[in-house]
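Undergrad: Structure in structure tokens, see below.
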Amino acid sequence: MMSDLKLKKTLYDHCSSFIEIRLQTIQNTISDIQKSLTSETKSSAGDKHETGRAMLQLEREKAGSQLAEIQKMILSFSKIDVSKTSEIIGLGSLVITTQNNYFMAISAGELRFENDTYYAISPNTPIGQLLLGKKIGEEVVFKEQRFKIEKVL
């Protein structure tokens, strides 16, 4: 059995890798769009050229907003100290319930360790909002499922 601190560190590291990969993907997309915009400028003229540029500009804006989102995620994630524990659920808490286990950090999906499943969730998600500020023994109802908080690490 993994120690509580080691488990939190493992979940934290997984979320950190998740952010790194997302950031790299977005940066690569932006770089590719920049290259395409440069080659669009050199290669063609006329209406087709304008349409191509407009599409690339839209893609660049979309990638730019994804970059802004990931930067917000990084800022929030940087505030987590896995060595700290609290009886009250907050950012960085590992929450064990009768239904599921949650790591309050970022939305990074399902993580599996030693036959247990943990969900990395953002405090901004609906379930995250419900759990924030709760303590051991409290009950939560989410999507018509009632569960009890057993442990907060």
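The values are calculated or read from the model by the stated rules, or taken from the named source; none is laboratory data. What you see is a predicted model, and the numbers here were worked out from it, not measured in a lab. So basically every Cβ, Gly included, is an ideal-geometry build from the backbone, and we count neighbours across all protein chains shown. Heads up: the accessible areas ignore ligands, DNA and RNA and are worked out on the full protein's heavy atoms, side chains in. Shrake-Rupley method; radii C 1.70, N 1.55, O 1.52, S 1.80 Å.
Undergrad: Sort through Phe103, Phe113, Phe147, Phe142 and tell me the only one that's in contact with a helix residue (DSSP H, G or I) (Cβ under 7 Å, 6 or more places away or on another chain) and modelled with pLDDT of 95 or more.
TA: So the residue among Phe103, Phe113, Phe147, Phe142 that is in contact with a helix residue (DSSP H, G or I) (Cβ under 7 Å, 6 or more places away or on another chain) and modelled with pLDDT of 95 or more is Phe103.
Undergrad: Here is a follow-up. Among the listed residues Glu138, Glu114, Glu110, Glu150, identify the single one that is among the charged types (D, E, K, R) and over 24 Å from His14 (Cα atoms). Steps first, please.
TA: Values: Glu114 fails: over 24 Å from His14 (Cα atoms); Glu110 fails: over 24 Å from His14 (Cα atoms); Glu150 fails: over 24 Å from His14 (Cα atoms).
Matching residue, one of Glu138, Glu114, Glu110, Glu150: Glu138.
Undergrad: Here is a follow-up. Determine which member of the set Leu91, Leu11 is in contact with a Ser or Thr (Cβ under 8 Å, 6 or more places away or on another chain), at pLDDT 95 or above and under 30 Å from Thr125 (Cβ atoms).
TA: Answer to the selection: Leu91.
Undergrad: Would you please list the contacts, defined by Cβ atoms under 9 Å and residues six or more apart or on different chains, that run from a residue in region 4-21 that is touching a residue at least 12 places away in the same chain (Cβ under 8 Å) and under 10 Å from Ala108 (Cα atoms) to a residue that is open to solvent by 50 Å² or more (accessible area, probe 1.4 Å) and assigned to a helix (DSSP H, G or I)?
TA: Partner pairs satisfying both residue conditions: Ile19/Ile74.
Undergrad: Outside any helix (DSSP H, G or I) and free of Cβ contacts under 8 Å to residues at least 12 places away in the same chain: does that describe Asp81?
TA: Yes: the conditions hold for Asp81.
Undergrad: Need pairs with beta-carbon distance below 6 Å; first residue modelled with pLDDT under 70 and within region 36-58, second basic (Lys, Arg) and open to solvent by 80 Å² or more (accessible area, probe 1.4 Å); sequence gap 6+ or separate chains.
TA: Listed by first residue and then by second, the contacts come to nothing, as the list is empty.
Undergrad: Also, quick follow-up: Quick one: would you say Lys8 is assigned to a helix (DSSP H, G or I), among the charged types (D, E, K, R) and open to solvent by less than 50 Å² (accessible area, probe 1.4 Å)? Break it down into steps so the answer makes sense when it comes.
TA: Values: assigned to a helix (DSSP H, G or I): yes; among the charged types (D, E, K, R): yes; open to solvent by less than 50 Å² (accessible area, probe 1.4 Å): yes.
Considered against the rule, which asks whether it is assigned to a helix (DSSP H, G or I), among the charged types (D, E, K, R) and open to solvent by less than 50 Å² (accessible area, probe 1.4 Å), Lys8 comes out as yes.
Undergrad: Please pick out the residue among Ile74, Ile70, Ile106, Ile136 that is closer than 17 Å to Phe18 by Cα and in a loop (DSSP other than H, G, I, E, B).
TA: Ile106
Undergrad: So if I check each of Ala120, Ala105, Ala63, which one is surrounded by 18 or more Cβ atoms within 10 Å (Cβ to Cβ) and under 30 Å from Leu37 (Cβ atoms)?
TA: Details: Ala120 fails: under 30 Å from Leu37 (Cβ atoms); Ala105 fails: under 30 Å from Leu37 (Cβ atoms).
Answer to the check: Ala63.
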